[in-house]
Amino acid sequence: MVNQYEAVFIMTPVLSEEQMRETVQKFHNYLLEKGAEIVMEDNWGLRKLAYPIQKKSTGFYHLIEFRAEGDLVANLEIALKRDERVIRFLTVKLDKHAIAYSDKKRAMHKDAKATVSN
């Protein structure tokens, strides 16, 4: 059964902009190769961590919302664990309320952009 998921991962702050983009692209391509449908991606940039991880106090955050079969998530998380550039990650299955909220938020953001550009 196809479900909708949200995966947030934090990359080490010692990466260059190029290395950070390569890491994001790696997981984006991984999802597409495994048959997932990317719903939305959001680069949150460099942010302060709530607590130090591997003696780092900041990290590059990236969110990917996608639709896929449930077994894909376990494989994605294994790939995230194996990549030394990723210091933390969290994958959440979205319920119908979270999906509705996410869709509504995207629509509001799209409307706000359209208003600003006019």
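The values are calculated or read from the model by the stated rules, or taken from the named source; none is laboratory data. Because the structure is predicted, anything quoted here is derived from the model rather than measured. Here the Cβ positions follow ideal geometry from the backbone for every residue, glycine too, while neighbour counts run over all protein chains shown. Surface areas here come from the heavy atoms of the whole protein model, side chains and all, with no ligands, DNA or RNA. Shrake-Rupley method; radii C 1.70, N 1.55, O 1.52, S 1.80 Å.
Around the amide H of Phe89, modelled in the peptide plane, lie the amide H atoms of Ile10, all under 5 Å away and 5 or more residues distant in sequence or on another chain.
Lys96 label point, 7 Å along Cα→Cβ, cut-off 20 Å on backbone N: hits in region 2-45? Within reach of a label on Lys96: 2-6. The residue among Leu72, Asn3, Gln54 whose Cα reaches farthest toward the positive pole of the charge dipole of the chain, with charges on the beta-carbon of Lys, Arg, Asp and Glu, is Gln54. For the residues Arg88, Arg67, Arg21, a GNM of the chain with alpha-carbon springs under 10 Å puts the largest fluctuation on Arg21. Near the amide H of Leu94, within less than 5 Å, lie the amide hydrogens of Gln4, Tyr5, Glu6, all on another chain or at least 5 residues away, with H placed in the peptide plane. In a simple Cβ point-charge model (Lys, Arg +1; Asp, Glu -1; nothing else charged), the chain has a dipole of about 440 debye relative to its Cα centre.
To the nearest 10, the accessible area of Tyr51 is 120 Å² with a 1.4 Å probe.
Among Lys48/Lys81; Lys34/Lys81; Lys55/Lys81; Lys34/Lys104; Lys26/Lys56, which pairs are too far apart, with a Cα-Cα distance over 25 Å? From the list (Lys48/Lys81; Lys34/Lys81; Lys55/Lys81; Lys34/Lys104; Lys26/Lys56), the Cα-Cα distance tops 25 Å for Lys34/Lys104.
Just to confirm the filter: which GluC sites (Glu not before Pro) across region 59-100 are DSSP coil and have at most 11 other Cβ within 10 angstrom of their Cβ? Don't jump to the answer; show the numbers that get you there.
Numbers: sites: Glu65, Glu69, Glu77, Glu84; in loops: Glu84.
Those satisfying the criteria are Glu84.
Couplings 3J(HN,Hα) for region 23-33, derived from phi with the Karplus relation 6.51 cos²θ - 1.76 cosθ + 1.60 (θ = phi - 60°), are 5, 4, 4, 4, 6, 4, 5, 4, 4, 5, 4 Hz, where x marks Gly and Pro. What does the C-alpha gyration tensor say about the overall shape of region 32-118? Classify as rounded when a/c is under 1.5, otherwise prolate if a/b is larger than b/c, or oblate. Cα axes put region 32-118 in the oblate bin. In this simple spin-label model, placing a label point 7 Å from the Cα along the Cα-to-Cβ direction at both Glu69 and Val2 gives a separation of 1.3 nm.
Full extension of the chain between Ile53 and Lys110 yields a length gain of 17.1 nm, computed as 0.36 nm times the residue separation minus the alpha carbon distance.
Ranked from largest to smallest solvent-accessible area, with a 1.4 Å probe on the protein heavy atoms, Ile53, Ile78 come out as Ile78, Ile53.
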